[in-house]
Amino acid sequence: MKQHTVLLADEQPLVRLALRQLLSQGDHYQIVGEVGNEEELLVSLKVNKSDLVVLDYSQSESFRPSTVAKIKTVSPQTQVLIISADTRKENIFQVLEMGVTSFLTKTCGTNEILDAAHATLKGDKFFCTRVIDFLLEKSFSKDTQVNCAPTPLSSREIEIVQLSARGLIAKEIADTLNLSTHTVYTHRKNIMKKLQINSSSELVLYAVSKGLVQNEG
């Protein structure tokens, strides 16, 4: 099984230690470095183009939102997972626009962190509930009218959207609904076409906006 290289970037040694312990439990991740400031981070990336950087950009003495743009310049293929206590919407939108793949707050549980790391390395977006709420608020603020149109999806497609929004992969959805994996993929393709969306993150946003999933803390 391929190991993904991970670089931990946080000014707090205890946070780095906790993340190292968590991600080292399985065989999926190889922690190739820990850094406590932006300079160390960029030097480490130049030496070792890590698959994933886990970063808290909201540490003014060490990391800033602009750190994300510098990561993308030095190592464009590196995926970025933010785990931060920052709740300022303008900062969150800024780093997402810079190419952050996933964003969690530091109140998230260990399973959510592992799920986020797995999704991020696949190139999928993964957001905690608070960030999803911000994105929905931003999206809806652009609309002058509320769209009350009924969902165009069948009951089976709604079930698949609900399970997808909970983070289940196609095989898990197939097992849950007693379907073949191929059938699940076909449904997802049809769902994307009906909703005119192109990514898993957009599907999650749709599910939340339509009340198809419950917000969890």
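The values are calculated or read from the model by the stated rules, or taken from the named source; none is laboratory data. Since we're looking at a predicted model, the values are computed, not measured. Note that we place each Cβ from the backbone using ideal geometry, even for glycine, and neighbour counts take in every protein chain shown. Ligands, DNA and RNA are excluded from the accessible area calculation, which covers all protein heavy atoms including side chains. Shrake-Rupley method; radii C 1.70, N 1.55, O 1.52, S 1.80 Å.
Quick rundown of the values:
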quantity: Evaluation of Ser60 against (1) crowded, with 20+ Cβ neighbours inside 10 Å; (2) of a type outside the set (Asp, Glu); (3) within 15 Å of Asp10 (Cβ to Cβ) (one fails), failing number; calculated: (1)
quantity: Among the candidates Ser180, Ser155, Ser139, residue that is over 13 Å from the mean Cα position of the chain (by Cα) and at pLDDT below 80; calculated: Ser139
quantity: Matching entry among Gln77, Gln21 (being within 17 Å of the chain's Cα centre (by Cα) and not aromatic (Phe, Trp, Tyr)); calculated: Gln77
quantity: Search result, residues across the range 63-79 that are open to solvent by 10 Å² or more (accessible area, probe 1.4 Å) and not charged (D, E, K, R); calculated: Pro65, Ser66, Ala69, Thr73, Val74, Pro76, Gln77, Gln79
quantity: So Ala165, is it under 30 Å from Arg16 (Cα atoms) and at pLDDT 90 or above; calculated: no
quantity: Selection status of Val35, at pLDDT 95 or above, surrounded by 20 or more Cβ atoms within 10 Å (Cβ to Cβ) and not acidic (Asp, Glu); calculated: yes
quantity: Among (1) polar (S, T, N, Q); (2) at pLDDT below 85; (3) assigned to a helix (DSSP H, G or I) - the single one Asn198 does not satisfy; calculated: (3)
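For every residue, the table says whether it meets (1) at pLDDT 95 or above; (2) open to solvent by 30 Å² or more (accessible area, probe 1.4 Å).
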residue	(1), (2)
Gln25	no, yes
His28	no, yes
Leu41	yes, no
Lys46	no, yes
Asp51	yes, yes
